[in-house]
Amino acid sequence: MTNYEVMFIVKATLDEASIKKIAKDVEKILIDSKAKVIEFKEMGRKKLAYEINKEVSGFYYLINVSASHDTIREFDRKLRINENIIRHLILKKESE
């Protein structure tokens with residue numbers, strides 16, 4: 001298993017309960033795929049550097065996870081489909 005760092009931004013125009021549910025759903029996707037979530041951090045609401053699909057701010061989340069390449073590929077596909085996630089980024093962490 002490889003360590004990854006995942007950051008994603010949820011639309012700020014949603015109500016707070018929906019935002020929390022989306023974040024928990026994202027975490028559940030990883031857990032159901034047998035990935036190990038090391039850290040799940042809510043970064044809060046931040047203004048975007050530029051407008052994305054008429055959104056000017058979003059809720060940022062950071063996840064450190066240990067998973068296989070296939071799990072991350074499927075996770076990436078599911079995040080692309082979710083219309084409530086503005087952007088996401090998956091980085092492979094180097095071995096220490």
_Pairwise Lys count, the range 2-87 - Cα closer than 13 Å, eight or more residues apart or different chains_ = 10
*Mind pulling the per residue volume of the convex hull built on the Cα atoms of the chain? Å³ is fine.*
96
_Backbone HN-Hα couplings from phi across the range 44-51 [Karplus 6.51/-1.76/1.60, Hz, Gly and Pro as x]_ = x, 7, 9, 6, 6, 5, 8, 5
*Note down the relative contact order for the chain as a percent, whole number, built from C-alpha pairs under 8 angstrom at least six residues apart.*
47
_Can you compute 3J(HN,Hα) from phi for each residue in the range 61-70, using the Karplus curve 6.51 cos²θ - 1.76 cosθ + 1.60 with θ = phi - 60°, rounded to whole Hz and x for Gly and Pro?_
10, 10, 10, 9, 9, 10, 8, 7, 4, 5
*For the chain, give the magnitude of the charge dipole about the Cα centre (Cβ charges: +1 Lys/Arg, -1 Asp/Glu; no others), in debye to the nearest 20.*
140
*asked:* Among 58-67, 12-21, how do they line up by average Cβ neighbours within 10 Å per residue, starting with the highest?
replied: 58-67, 12-21
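Read-outs: derived from the displayed coordinates by stated rules, not from any lab. Everything quoted here is computed from the prediction, not taken from an experiment. Using ideal geometry, Cβ is built from the backbone for each residue, glycine included, and neighbour counts are taken over all protein chains shown.
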